[in-house]
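Input: a single structure, listed below in structure tokens.
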């Protein structure tokens, strides 16, 4: 602003100096022309008087022309030049169209001023009509313009320098005075500032813009709070990248899943990440959606990159981080289950097929046929049990949608299971012992029966001859607890985390000695999950205990 004021004041000052100098020059020229005209008029009058008083006019005319610095010309009534003191009259053009000649012929006196083509000379002409009708013209030439201009230039330069200095000083003072109230304006409260009336419309617009900006900021803040609240509640991580792959916003879930210090304003490659992530983001930046899977902090993550399209091109990338650990584990479990089922089905089928072929083709001795038939029956029974357990697991995996819960006396149900399995226990030389009191829970009778039966069956099969299966029921403030303990060999510590997996056997060497499908405990765990119960196991030396805890939720336990 200071520069603009200084420039404008300087331009105004120079303009004033030029106008002043021009006016001075014009006045000087006017005065000089008036003096020159007066001088020429006097000379013309003296020359005319001398010419008329002389006895020999021609000789007097020549004498006047040679004795004076002025130019003397005699012109006839028709404009023919009769004499000229500076040129050959015979070669000069007719002067009948000259203004001073016409005026002299009409009024007796004529005057004219002409400037040379080079502007360096000015000539004043005065013409007088003589009684004879001829016209006597006297002319004086001067370099008045050039001299006046030369005399004026130094003064103009001095004036311009003084004006420039004054302009710099005055503009600085004026600018400071003008800007001080403007600088004092409070941009947040412009109307409360005492300033020039001329700025009031501007301040009103500024105040209106402040109000509009405040409303927009408040709206953006609300949207940001809503966005943060939404992303904070998302299990999925969300990262928004601009067109240069710098982070615009990042949810807490994304930072947690990626285990990286992602922060707004930082480029994607500023924190430690796989090169493949950056490459996938660059692919999305080019306009193509892509998906990348990686393992980070023990979790399986799926990163989805999608370009943000705007009318004039791609303006950013949306990066969605999904934790697919459970899906990945389920897929791995499914593949393992498929492989195990194939193996478990193939083994008995191979035995059945082998024995059947031996009988079919007469390779078996007659006395061996009943034994082969017995083995075929046992393997077929094993296949049926396996298929039955697989179907149970399949139904359990379908969820609880069509399940109906009832009140169940767990103590009575456990007693029924013990009575039903008493023959098997006696065969293995194992005895049952029950402790506790009646406890009622909410559940599905067939499933709860399956839990108690499986736990008791395992306690019998993996017990030692003369051992005990101890069943204890206890009702506490936290819920109902079922404990099934046996006195068989301890489960290896490294096997305990896996015993609820499908087809897992803690002692693989005894898998053929101890009948079973390897799915019983997996079924038990599924049933417990459906009933919001928790199953756990402890095993030390000759004491293995399975504990099932039903919560004290009135909707589950009574």
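The values are calculated or read from the model by the stated rules, or taken from the named source; none is laboratory data. Note that this is a predicted model, so its numbers are computed, not measured. As a convention, Cβ positions derive from the backbone with ideal geometry for all residues, glycine included, and neighbour counts pool all protein chains shown.
Scanning for something surrounded by fewer than 16 Cβ atoms within 10 Å (Cβ to Cβ), in contact (Cβ under 8 Å) with a residue 12 or more places away in the chain and not in a helix (DSSP H, G or I), does region 251-259 turn up at least one residue?
Checked against the condition, which is being surrounded by fewer than 16 Cβ atoms within 10 Å (Cβ to Cβ), in contact (Cβ under 8 Å) with a residue 12 or more places away in the chain and not in a helix (DSSP H, G or I), region 251-259 yields at least one hit.
Residues in region 427-480 that are surrounded by 13 or more Cβ atoms within 10 Å (Cβ to Cβ) and assigned to a strand (DSSP E or B): how many? Before you say what the answer is, go through the steps one by one.
Our first condition is that a residue be surrounded by 13 or more Cβ atoms within 10 Å (Cβ to Cβ); within region 427-480, this holds for 428, 430-432, 434, 436, 439-445, 447-464, 467-475, 479-480.
Among the residues that remain, those that are also assigned to a strand (DSSP E or B) are: 431-432, 434, 440-443, 468-475, 479-480.
Of the residues in region 427-480, 17 are surrounded by 13 or more Cβ atoms within 10 Å (Cβ to Cβ) and assigned to a strand (DSSP E or B).
Can you spot a residue in region 74-86 that is buried (at least 19 other Cβ atoms within 10 Å of the Cβ), in a loop (DSSP other than H, G, I, E, B) and without any contact (Cβ under 8 Å) to a residue 40 or more places away in the chain?
The answer is yes; a qualifying residue exists.
Enumerate the pairs (first residue in region 216-228 and touching a residue at least 60 places away in the same chain (Cβ under 8 Å); second residue anywhere and part of a helix (DSSP H, G or I)) with beta-carbon separation below 8 Å, excluding pairs fewer than 6 apart on the same chain, so at least 6 apart or on different chains.
Qualifying pairs under 8 Å: none.
Within region 529-551, is even one residue part of a loop (DSSP other than H, G, I, E, B), within 55 Å of the chain's Cα centre (by Cα), modelled with pLDDT of 60 or more and closer than 18 Å to residue 459 by Cα?
No: zero hits.
Right, residue 166: touching a residue at least 12 places away in the same chain (Cβ under 8 Å) and either under 30 Å from residue 294 (Cβ atoms) or surrounded by 14 or more Cβ atoms within 10 Å (Cβ to Cβ) (or both) or not?
No, not satisfied.
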